[in-house]
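The values are calculated or read from the model by the stated rules, or taken from the named source; none is laboratory data. This one's a predicted model, so the numbers in the text were calculated from it and none came from an experiment. With ideal geometry, Cβ positions are generated from the backbone for all residues, glycine too; neighbour counts draw on all protein chains shown. Surface accessibility is based on the protein's heavy atoms, side chains included, excluding ligands, DNA and RNA. Shrake-Rupley method; radii C 1.70, N 1.55, O 1.52, S 1.80 Å.
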Amino acid sequence: GVVVIPHWHPSQNYGPRKKGGHPQLIVLHYTAMDTTEAALQRLCDPQHEVSAHYLISPKGIIWQMVDEAQRAWHAGAGCWGDIEDVNSQSIGIELANRGDHPFAEAQMVALEGLLQGVMARWSLTGSSLIAHSDLAIGRKFDPGARFDWRRLACQGLAVWPDPVAGGDFYTDTAAFGYRMPGDDAQAAAALLDAFRLRFRPMAQGPLDAIDCALAAGLRELRDASRAGI
């Protein structure tokens, strides 16, 4: 793999990981800003109280703003599986992208190199990589429909399910880590939207058999990884 050496650009917006937390997740974001420079400034501005560990430009330049051992302020409210304080248990990576256009090749290559290093340092697998939209259902939508999760999965840096017949969508997505933001129809629709944003970005309409088959595939992936297969 490529050895990645980020540019150090420290942010004051961080603190200690709480309750002995350590990175179990890596959360991907897009900046939704016009330039990388504007995003870098925002992520280091004490007035905004937001930060991430890394920022990657479309040209593949990587800035590190917070030490990996520290708690950056990137995830906000949300949860994944039984993790309630995501910031204390994650590494945050921002990709400079407005969200309405593809991610540049140089940016993806830099991300891949960075992920390999982070995963090696913290003994993480592809199942630890999630979208901001995965943990903040209905509130956040990054890195969005243009992000190529399958490309990362092919390198073992993310997961991509093979469809498996049967299964219950809600049970299987919960087993993977999704937490529905309520128990009504609106919450169920928000969960489906978040799931499709990552695994079926062009899909529309009500829950269908393909959604259920992909969710069942995700659960099988999780069960296999826990069994050490």
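For the reader, a short list of remarks on this structure follows.
- In the context of the full set of protein chains, the chain has a per residue accessible area of 48 Å² (1.4 Å probe).
- Under 20 Å of direct C-alpha separation, and excluding same-chain neighbours fewer than eight residues apart, LYS19 reaches these aspartates and glutamates: ASP67, GLU68, ASP82, GLU84, ASP85.
- To the nearest 10, the accessible area of THR125 is 80 Å² with a 1.4 Å probe.
- Environment charge at ALA187 (Cβ cut-off 14 Å; Lys +1, Arg +1, Asp -1, Glu -1): -1
- Each part gets one Cα centre, and for segment 148-219 versus segment 90-136 those centres are 19 Å apart.
- Positive-pole candidate from HIS7, ALA32, PRO46, dipole of segment 1-84, charges at beta carbon: HIS7
- Potential lengthening between GLN47 and CYS154 on full extension [0.36 nm per residue; Cα-Cα distance subtracted]: 34.5 nm
- Dividing the Cα radius of gyration of segment 1-97 by 2.2 N^0.38 Å, with N the residue count, gives 1.03.
- DSSP loop GluC sites (Glu not before Pro) with at most 13 other Cβ within 10 Å excluded, longest remaining stretch of the chain: 85-229
- Percent of Cα pairs exceeding the 26 Å cut-off, where the set is the chain: 34 percent
- Segment 145-184: C-alpha pair distances exceeding 17 Å, %: 50 percent
- Segment 77-147: Cα Rg divided by the 2.2 N^0.38 Å rule of thumb: 1.16
- Share of alpha-carbon pairs per 10 Å distance bin for segment 159-229, given as whole %: 22, 55, 21, 3
- Counting only DSSP H runs of at least 4 residues, each contributing -39500 (n - 2.57), and dividing by the residue count of the chain, the helix-based mean residue ellipticity at 222 nm comes to -10000 deg cm²/dmol.
- Charge tally in the Cβ shell below 14 Å around MET33, where Lys, Arg are +1 and Asp, Glu are -1, MET33 excluded: -4
- Computed from the C-beta positions of ALA189 and ALA77, the FRET efficiency with R₀ = 25 Å rounds to 0.85.
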